[in-house]
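*Asks:* Please find one structure pasted underneath; my questions will follow.
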Amino acid sequence: MVGKNKTLQNTTNLRKEMESNINYRYSFKSIFAQSLALAGPCFIQTGIGIEITCSTIIIGALASNKSNNGLPPLTDEQASWFGSLLFLFTPLGSALSSLTLDHFGHKTCMIITNVPFIVSQIMFFYANSVGTLYACSMLMGISVGYSGGPSSAYIGEVCEPKLRGALMSATNVFYFVGSLLFTLIYAITLEWRLTVLIAMSIPIVTIAILFMTPQSPMWLLTKGEPLKAQQTLGKLRGWPSHETFSSKEFREMIAYTSTTMVHEDDDTEPDATSSWGQLLRPEVYRPFRLLLVYIFFANLLSGIQYVPYLVAVFTEFGAPVNVEFTLAFSVFLSTIGGIITIFLINKLGKRFLTLSTLLICSICYILIGLIGVYWTNSKPITSWLVLILFLTTTFMSSLGIMPIAWILLTEIFPMKSRNITCSAGGAMGYLISFFMIKYYLELSNFVNFYNTFTLFGISGLFGAVYFYFYLPETENKTLQEISEFFK
């Protein structure tokens, strides 16, 4: 026991020594190598963007009698289930992911996540009943849920602290790229079956890329393969000099993972040191609570509840525009916002971007609600005004609150519980989305379409107050420093 305590003390001292230098001086080759390693997660995000946009396109196509191909328009009840079932089944995918991630590793799990995606697209193409649409939505939900833990944990573990936020933001951009490609293909073809058939190429390409993707060095260390972990980290850092490589980041990585290994060997506190027991520790449940609150407000003010019904939303606004191309343009704005985040997040920090974008989105939502309810005598002007305000929230949410929610997921949990908490956090986030989407139509019918914007906007102001007091700045911090903050 004394030897184990000594080992733990040496590990702690080594970690403190290493924390003083988090900006490792690697060359451009290092940035390129890390970016190349994230190609697989980027394509996974592209696929997620397609999966989540599927219901928007299909519900809109069936409602407008465009290319129904034997399927009748969906009722409100059917549309709400079809649009929300994906989010209901993500926890199942996340649970499966958390059970298999430690054994198979990030790379294999990211490959597996594409299988239900491919099956769902094939079923969509041949769908001739509402039940088949439901089944496809369930499969996509499992796929999205299964991908969350492996891809998020992988990004957090392979990136340098100074690049983690920017590269995670870049990865999130591909979610919007997937949505943009899908909406553009439909806007051009006006055939939703052909659109899903073309989109099936994305998971196939993703699998091919992931076969060439390296495993996480931290995962390799936990599996007792330090030599392979060192070689993999060297590839991820562009093969810097041996002195720079071995004396800094790799030693810190060993210190970080060896703390976990020491805890696992110590059987005096099994409940406190097991992966599930860690969920009761302050450094785990405190960031988990913060993450759930963040995802709730990020979803609410990024308009996730409107997503499956965007065709109907744009029609309700009444602006004389082509709805299909307006939908594609809104996704284009999200893509631009995500790209800008890459360059701003390191300079402005996550805290500033969160507060500023959340406030802007809240104010825009309140204005949409007030204009829609009380300014009804100038319809041509107000229809354009509410559309512009809504597109503003689309841009601003993609610039801050939406991507930052998933960046926080990759970095605020300690390594011992990261696989479980990343999967559980992603699952809870999608479960929140399910309830927002499933019951949005009922809320809209109850309080009026425009009053939903006012209600969500006022809620966002309360969220901004909460984050002002409880959201820490995590940009350019090591994973260990972030974990220490929540203790």
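*Asks:* Are there GluC sites (Glu not before Pro) in the range 395-477 that DSSP marks as loop and that have at most 15 other Cβ atoms within 10 Å, and which are they? Let's see the in-between values first.
*Replies:* Working: sites: 411, 442, 473, 475; in loops: 473, 475.
In loop regions of the range 395-477 (DSSP not H, G, I, E or B), the sparsely surrounded GluC sites (Glu not before Pro) are 473.
*Asks:* Next up: I'd like the accessible area for residue 477: 1.4 Å probe, protein heavy atoms, all chains in place, Å² to the nearest 10.
*Replies:* Approximately 70 Å² for this residue.
*Asks:* Another question, then. As a test of reading the structure, rank 212, 110, 436, 138 by solvent-accessible area (1.4 Å probe, protein chains only), most first.
*Replies:* Details: 212 150, 110 0, 436 25, 138 65 Å².
Sorted descending by solvent-accessible area, the residues read 212, 138, 436, 110.
*Asks:* In whole Å, what is the distance between the alpha-carbon centres of the range 135-165 and the range 366-438?
*Replies:* One Cα centre to the other: 19 Å.
*Asks:* Also: Report the charge-dipole magnitude of the range 392-487 in Debye, nearest 20, computed about the Cα centre from +1 at each Lys and Arg Cβ and -1 at each Asp and Glu Cβ.
*Replies:* 220 debye
*Asks:* Heavy atoms of the protein only, probe of 1.4 Å, neighbouring chains included. What is the accessible area of residue 52 in Å², nearest 10?
*Replies:* 10 Å²
*Asks:* Give, in nm to one decimal, the length gained when the segment between residue 129 and residue 487 is fully stretched (0.36 nm per residue of separation minus the Cα-Cα distance).
*Replies:* That works out to 123.7 nm of additional length.
*Asks:* Related question: Can you tell me the length gained on complete extension of the stretch residue 448 to residue 381, counting 0.36 nm per residue apart and subtracting the Cα distance? Before the final figure, lay out the partial values.
*Replies:* On the way: separation 67, 0.36 × 67 = 24.12 nm, distance 2.06 nm.
Extra length available between residue 448 and residue 381 comes to 22.1 nm.
*Asks:* With a 1.4 Å probe and all protein chains kept in place, how do 406, 219, 192 rank by accessible area, largest first?
*Replies:* Order by accessible area, largest first: 406, 219, 192.
*Asks:* Order 90, 189, 75 by their accessible area, 1.4 angstrom probe, all chains in place, largest first.
*Replies:* 75, 189, 90
*Asks:* A follow-up question, please. How far apart, in nanometres, would the label points at residue 373 and residue 336 be if each is projected 7 angstrom from Cα along the Cα-to-Cβ direction?
*Replies:* So the two model labels end up 3.1 nm from each other.
*Asks:* Give the residue from 426, 482, 468 lying farthest towards the positive end of the charge dipole for the range 426-487; charges sit on Cβ (+1 for Lys and Arg, -1 for Asp and Glu) and the dipole is referred to the Cα centre.
*Replies:* Of the listed residues, the answer is 426.
*Asks:* Could you calculate the contour length gain from residue 289 to residue 194, that is, 0.36 nm times the residue separation minus the distance between their Cα atoms, to one decimal place in nm?
*Replies:* 30.0 nm
The values are calculated or read from the model by the stated rules, or taken from the named source; none is laboratory data. Just so it is clear, the model here is predicted, and its values are computed rather than measured. Glycine gets a Cβ as well: all are built from the backbone with ideal geometry, and neighbour counts include every protein chain shown. Note: areas computed on protein heavy atoms with side chains; ligands, DNA, RNA excluded. Shrake-Rupley method; radii C 1.70, N 1.55, O 1.52, S 1.80 Å.
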